[in-house]
Amino acid sequence: MRVELRSVTRRFGRVTALDRLSLEIPSGRRIALIGPNGSGKSTLTRILMGMIECEGDVRIDGLSPHRDHDRLAPRLAYVPQTSPQLGATVEEVIGAVAAVRGCGMAAIASVASTLDLDLGTIAGKPVRALSGGMKQKLLLSLAFASRISLLILDEPTASLDAPTRKAFFRLVEERTREATLILCSHRLEEVRHLVDHVVALDDGRLAWQGPLDEWLRASSHRLIEVTASTADASAWLRERGFNRGSGDEWACIAPRGESLMLIQELMARYGGQMDSIRVRDLEEVDSTMGRKEAP
């Protein structure tokens, strides 16, 4: 599904969540939607799902997500970061979604089984009574059970264990090959495996967009940690932006392109005075579009 936004603005009182945002996402593109907290990511996804209105023009395959919601709903799937606290039972929610999507209960149960979720044992429970992981598995089961053309995922694996995360990756690859995918995530492994483009928002505006490999080259960082006890080496490290930790430990975060030159200069000048040097790629996108070490 093709997504088009023209001068989209959304305000909440005095706060402007989206500020004249214009963006085109071709059909079949798989994008990572990134940006700091408050950049407008959640507001944008809610607008695309027809949950809130806005100024400007929004089109999904030429249709308005607000005015044409009934026509678009069977083709859209949305998995929020925080599951809604529904009082309805699991069975009732499944029945409602199956009716909208035109898929059978068996299809939903099959996906749930892939995610290690037994719907039979929880069918009579209110959704709000489920654990965070079970809620997330239920939402993913509902999203992947039918043929979808636009899939919006907001931190979809935050509550999942490692085996379920692997199952989730397989489902995305197997069931969304022709769909347009919008993924909000701080986890770099999800960005690498599931998307091909990046759209970055900042303060409600478009800050950057382009191919994933270009963004990775531009934003990749490394953590350099050294142990040095001499005064000369310590002074040099401080001048180069290293911060002192406990004892003689020093650390610096540098862009990947600059880190090699920094390490070469460090070794040439003070290699014999360094007790240890450690270099690590930072594996997780942080809330300000940089990196932090993966847990």
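Laboratory data are not the source of any read-out in this text; all were calculated from the coordinates shown. These numbers come from a predicted model, not from an experiment. Note: ideal-geometry Cβ built from the backbone for every residue, glycine included; neighbour counts use all protein chains shown.
Explain nothing, just the number: dipole magnitude of region 70-133 about its Cα centre with +1 on each Lys and Arg Cβ and -1 on each Asp and Glu Cβ, in debye rounded to the nearest 20. Present the calculation step by step, with values, prior to reporting the outcome.
Details: 5 positive and 5 negative charges, 43 e Å.
In debye, rounded to 20, region 70-133 gives about 200.
Relative contact order for region 1-152: what is it in percent, counting Cα pairs under 8 Å that are at least 6 residues apart? Could you put the intermediate results ahead of the total?
Details: 215 pairs, mean separation 34.6, N = 152.
About 23 percent, as a whole number.
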Exercise for the section: With a point put 7 Å past each Cα toward its Cβ, work out how far His193 is from Asp161 in nm, to one decimal. Expected result: 1.7
Handout entry: Kirkwood hydrodynamic radius over Cα pairs of the chain, then Stokes diffusion coefficient at 25 °C and 0.890 mPa s, in µm²/s
Key = 115
Exercise for the section: For Ser7 and Glu91, compute 0.36 nm times the residue count separating them, minus their Cα-Cα distance, and round to one decimal in nm. Expected result: 26.2 nm
Handout entry: Spatial separation of Cα centroids for region 227-261 and region 45-120, in angstrom
Key = 50
Exercise for the section: Within region 129-143, which residues have the backbone N less than 16 Å from the label spot 7 Å out from Met105 along Cα→beta-carbon, could you tell me? Expected result: 142
Practice task
Would you tally the net charge around Arg269, using a Cβ to Cβ cut-off of less than 12 Å, leaving Arg269 out, and scoring K and R as +1, D and E as -1?
Solution key: -2
Exercise for the section: Only Lys, Arg, Asp and Glu count, each charged at its Cβ (+1, +1, -1, -1), so figure out the dipole size of the chain about its Cα centre, rounded to 20 debye. Expected result: 640
Completion exercise
Subtracting the Cα-Cα distance of Ala123 and Arg170 from 0.36 nm times their residue separation yields 14.4 nm
Problem - the chain - percent relative contact order, Cα under 8 Å, separation 6 or more - result: 21
Exercise for the section: Go through region 229-243 residue by residue and turn each phi into a ³J(HN,Hα) via Karplus (6.51, -1.76, 1.60, θ = phi - 60°); whole Hz please, and just put x for glycine and proline. Expected result: 10, 7, 5, 4, 5, 4, 5, 5, 4, 5, 5, 8, x, 6, 10
Completion exercise
Percent relative contact order for region 1-55, counting Cα pairs under 8 Å at least six residues apart, stands at 36
Completion exercise
Farthest towards the positive end of the dipole of region 3-217, among Pro74, Ala99, Ala200 and with Cβ unit charges of +1 on Lys and Arg and -1 on Asp and Glu, lies the Cα of Ala99
Handout entry: 3J(HN,Hα) from dihedral phi, region 12-28, Karplus parametrisation 6.51/-1.76/1.60, rounded to Hz, x for glycine, proline
Key = 10, x, 8, 8, 9, 6, 10, 10, 6, 7, 10, 7, 10, 10, x, 4, x
Fill in the blank from the handout: Here FRET efficiency (C-beta to C-beta, Thr82 to Arg14, R₀ 41 Å, nearest 0.05) is 0.95
Completion exercise
Once the dipole of the chain is set up from charges on Cβ (+1 Lys and Arg, -1 Asp and Glu), the residue from the list Ala179, Asn243, Leu262 lying farthest towards its positive end is Ala179
Exercise for the section: May I ask what percent, to the nearest 5, of DSSP beta bridges between residues of the chain are antiparallel? Expected result: 70
Exercise for the section: Rank Arg222, Arg14, Arg177 by mean-square fluctuation in a GNM of the chain with C-alpha springs under 10 angstrom and give only the top-ranked residue. Expected result: Arg14
Problem - Dipole magnitude (debye, nearest 20) for region 1-110, charges at Cβ of Lys, Arg, Asp, Glu - result: 340
Completion exercise
Rh_Kirkwood(region 25-180) over Cα pairs, Å, one decimal, evaluates to 16.3
